[in-house]
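Read through the structure below, which is laid out as structure tokens, and then see the notes.
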Amino acid sequence: MQKKETAIEVKVGALVLFSLSLLVAFVLILGDFSFRDGFEFHVQFDNAGGLKPGADVAIAGINVGSVSSLKFIQNENPGASGLTAVAVQVTIRLDNRYTEAVRHDSKFYITTRGLLGEPYIEVATNSLDGKIVSAGDTLRGVDPPRMELIIAKAADLLDIFIALLDNPDIEIKDLIANTASLMKNVDSLIIDNRDNLDASIDGVRITTAEAGKLLATINTTVGEGEQLRTIFNDTQATVKNARSVSAKLDNTLSPLLADASATAKSARRVGETAERVLADKEDKLTRSIDNVHASTESLLTLSGDAQKVIDRVNSGEGTVGALLAEREIYEDMKEVLRIIKQQPWKILWKE
């Protein structure tokens, strides 16, 4: 009997332990307890959008953390921060394994899984070039759409449309009739010019085909780009040679240009000096030129007179002409001069 009671107590104790274990498991699961290492940072929104503590934080649909808490914050300068005067700051706990996937330029969206799902935060990281998020950082999230604001704006638009319809100054029927007439005219225009439109479409098709052929020809000509690379390399070599030749010409022409410049300066100085000298001696040079001119005229006159004397001598006029013309007189004079040379005393007396 005692053994039977002991067995019942053991069964009851085992059932109680199992129930407690199951309760603890449910608490851990529903409470989203995590024993993994992580860190917390903050994301600010204008509106929480139904988000609650314990909500999931996912990247590409995979849970990487959870929402630890939500609290109101006040902004002293709403315009500069981009937030309303009263906003919400969400504290997120992120698993250390996913630290590299969250950056300062990541986007934080409040969304739901399905139409009736619980709100959660979806993180979108488009680039890994940004700074990695660390503990205590505060980021800006993308504000969720607010259905009440959308409905209010839709109601305002509806009121404006109703007021427009009720306005007696606007003939809605005429506007609708004119719109229908316009559409009818456009339809008639398209039908009447269908052939032209078809021809235009065919022209575009032919142009596209020709462009395709041209691209194929270019592709065939270029091939894998070897010819273009060869042309490019040749062009680079030509440019390099041109630069080398230009440098050599520069080295050669620079001294020549310097010498030419020095020569031009010297010639300019000589010209200036000559101009000053000519300006100072202009009167003397004029008189010298006049004297030379007078001397030239005198020489011409003297030359004319000498020519006349020579002509008279040649014609036998005068003593000299007679001496030169008569050979006998010349011989006598020659004999007299010889005697005087040999016996000069005969000039004073005769033997």
Exercise. Can you name the residue in the stretch 85-105 that is within 23 Å of PRO119 (Cβ to Cβ) and either among the hydrophobic types (A, V, I, L, M, F, W, C) or modelled with pLDDT under 80 (or both) and is also surrounded by the fewest Cβ atoms within 10 Å (Cβ to Cβ) among such residues?
Worked result: VAL86
Problem set entry | Out of GLY141, GLY136, GLY130, sole residue that is in contact with a Phe, Trp or Tyr (Cβ under 7 Å, 6 or more places away or on another chain) and surrounded by 13 or more Cβ atoms within 10 Å (Cβ to Cβ) | GLY141
Exercise. Is one or more of the residues making up the stretch 73-82 within 20 Å of ARG146 (Cα to Cα), modelled with pLDDT of 80 or more, among the aliphatic types (A, V, I, L, M) and surrounded by fewer than 13 Cβ atoms within 10 Å (Cβ to Cβ)?
Worked result: no
Exercise. Given the conditions (1) over 44 Å from the mean Cα position of the chain (by Cα); (2) loosely packed, with under 10 Cβ neighbours inside 10 Å; (3) at pLDDT 70 or above, and given that ALA279 satisfies all but one, which numbered condition is not satisfied?
Worked result: (3)
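The values are calculated or read from the model by the stated rules, or taken from the named source; none is laboratory data. Being a predicted model, the structure only gives us computed values, none of them experimental. In this analysis, Cβ positions are derived from the backbone assuming ideal geometry, glycine residues included, and neighbour counts consider all displayed protein chains.
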